[in-house]
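First the structure, in the form of structure tokens, and then the observations on it.
The values are calculated or read from the model by the stated rules, or taken from the named source; none is laboratory data. Just so you know, these numbers come straight off a predicted model, no measurement behind them. All Cβ positions, glycine included, derive from the backbone under ideal geometry; neighbour counts span all protein chains shown. Accessible surface areas use protein heavy atoms only, side chains included; no ligands, DNA or RNA. Shrake-Rupley method; radii C 1.70, N 1.55, O 1.52, S 1.80 Å.
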Amino acid sequence: MNTSKSSFKRLLIVSYRLPFSIQQTEEGAELLQNSGGLVSAVLSMAEQMGQNQGKSATKIHWVGHGDSSLQQLNSSALENDTFVAHPVFMDAAVHKGFYEGFSNDLIWPLFHYFPSYASFKEHDFDCYKQANTRFLEELTALIEPGDLVWIHDFQLMLLPDMLRQAIPDATIGYFFHIPFPTYEIIKLLPRTWRQSLINGILGADVVGFHTTDYVQHFMQSVSEVLYLPIINQRIILPDRAVIVNAFPISIDFNKFNSSGQEADVFAIQQHYKNLLRHNKIIFSVDRLDYTKGITSRLLGYERFLIQNPDWHDKVTFVMTVVPSRDKIAQYQELKREIEETVGRINGLFGTIGWRPIVYSYRSLTFTELMALYTACNIALITPVRDGMNLVCKEFVASRHDLKGVLILSELAGAAQELQDAIIINPTDTQEVADAIKQALVMPLAEQERRLQHMRKHLQNHNVFRWSHDFLSAFNDMITNQPSLETDLPIQPFISAFSDAHKRLLLVDFDGTLAP
Ligand code: GDG
């Protein structure tokens, strides 16, 4: 980490959401950290970089959307020992088209392979451009030579290139937190939109995705949309190259490992186990979202109950859904569908003494979350599409006792790393039902073996490694600015070709030469 940080004067993080809320105190107001996928990851990184906390020169600057309540605050309330928050304010109508419209009604469903949910509105794209411009204005007022700017996620795809145009020698990273889909999906976007979005991302020096699949999809779109040459992991632009690579995001392993053993977590965990009469516990927690596969998970559990009456009254599915985007019609419809399905299953199988599903629609405190991670026998994580999924990694890290089974969808980015989970296809309800049965009867020795492998992986691939690898890629880029003449393999290739005594030209059409 030191090597990464030493090259840059300051770190400027830009994301749609500011990871803070403002708490009113007797002295005034103070910055408080929020929770969430991106936030958990970047804050862990910030903690790792916090060795120089307190010196204003090394504070981390975070640019993100600010609601109007922040407008009244003076700047001291937007700063603590580690961070300076820079809220970006924008017109409410622009925000609606940018965030609810283009980001959540188009990019989110499209990039998670739900094209029928995608809404293509020119007005929303205009708002998206205006909103990205507002972020640019905030950034250009703040940025100084020597800063490293790290831009996050699908709400800000245009920003890297906007910043590049405004400040050509800026050092810019970009990380994409959701899946980058195949070109067949990208092709659904109007031509000018897809050109702007891909070109926007290429304003960065280093572009990161969670998995190599997403990297390949992005590379394919770059060559199909912008016809740019790609050599190894680099996209070659006329005046520079862009490094594109997979950086699988992760968690603070030690934090989850040790929290799982704390006394307050243990107390709640025991309380839950007593309440559930020591039944086997299946647990899931997700934001309300159609990508998380909540309904098919319920159908898999229902099938398990139909096929395994001997397990009735001996297992309880604790399913927490965290409120999210529930002003959007699709999300309201999903909530209704989930609640109907839960009601139906509980009605079909429940008895006076046994509720097959304990459902709640609220967010958990961190202690409650840890208590459920450590109380459950099975974590049932079945998204139909998920960029990474941190919940499954947190569950594994919290199981210091080496007990418990992870059932994980093959459509989560995390499945590429956590191969010792029971990997299922979430739409295959029979496979989900079988996996539940397999997990419930899995011998302890096998649970231990699988957890040990996955825990070892996460210990070595924690969030600190994620940020370190990303920043190292940056440092390599900065310290070894590629000379297209000498550094890329193209030049040795040209020389070898010129010097060759005999040359063989192979011209391939549609797989003629394979194998
Ligand atoms: C996006 C991508 C990618 C959840 N419920 C509660 C709670 N959480 C915390 C979890 C975890 C985080 O929120 C959720 O992270 P995920 O990764 O599962 O999902 P998204 O929010 O969709 O995040 C995703 C991620 O970005 C990072 O790149 O992995 O694919 O969609 O940390 O612990 N925390 C508490 N109470 C809850 O009820 N305290």
- [ ] Give the calculated FRET efficiency between Gln261 and Asn460 to the nearest 0.05, with a Förster radius of 22 Å applied to their Cβ-Cβ distance.
- [x] 0.60
Open item on the list: Just to check, using Stokes-Einstein with a Kirkwood Rh over alpha carbon pairs, what's the diffusion coefficient of the chain at 25 °C and 0.890 mPa s in µm²/s?
Closed with: 99 µm²/s
Open item on the list: Using a 7 Å offset from the Cα along the Cα-to-Cβ direction at both Thr140 and His400, what is the distance between the two label points in nm, to one decimal?
Closed with: 5.2 nm
- [ ] Keeping the other protein chains in place, figure out the carbon and sulfur percent of the accessible area of the chain, with a 1.4 Å probe.
- [x] 51 percent
- [ ] State log₁₀ I(q)/I(0) for segment 327-465 at q = 0.11, 0.13, 0.17, 0.22 Å⁻¹ as given by the Debye formula over alpha-carbon point scatterers of equal weight, solvent excluded.
- [x] -0.47, -0.65, -1.10, -1.52
Task: Cβ-based net charge around Lys335, under 14 Å, with every Lys or Arg adding one and every Asp or Glu removing one - done: -1
TODO: Give the range of the longest stretch in the chain that excludes all trypsin sites (Lys or Arg not before Pro) found in loop regions by DSSP and having at most 10 other beta-carbon atoms within 10 Å.
DONE: 56-326
Task: Ellipticity estimate at 222 nm from DSSP helix runs (n ≥ 4, -39,500 (n - 2.57)) divided over the chain, nearest 500 - done: -12500 deg cm²/dmol
Task: Where segment 182-313 is the region considered: accessible area per residue in Å², 1.4 Å probe - done: 41 Å²
Task: Relative frequency of Cα-Cα separations exceeding 17 Å in segment 58-137, percent - done: 55 percent
Open item on the list: If you fit an axis through the alpha-carbon atoms of helix 463-479 and take the longest principal axis of the Cα set of the chain, what angle between them do you get, 0 to 90°, nearest 10?
Closed with: 0 degrees
- [ ] Please list the non-local residues whose amide H lies under 5 Å from the amide H of Phe20, H modeled 1.01 Å from N, same-chain partners needing a gap of 5 or more.
- [x] Asn34
Task: Distance between modelled label sites at Phe366 and Arg277, nm, 7 Å Cα→Cβ extension - done: 3.6 nm
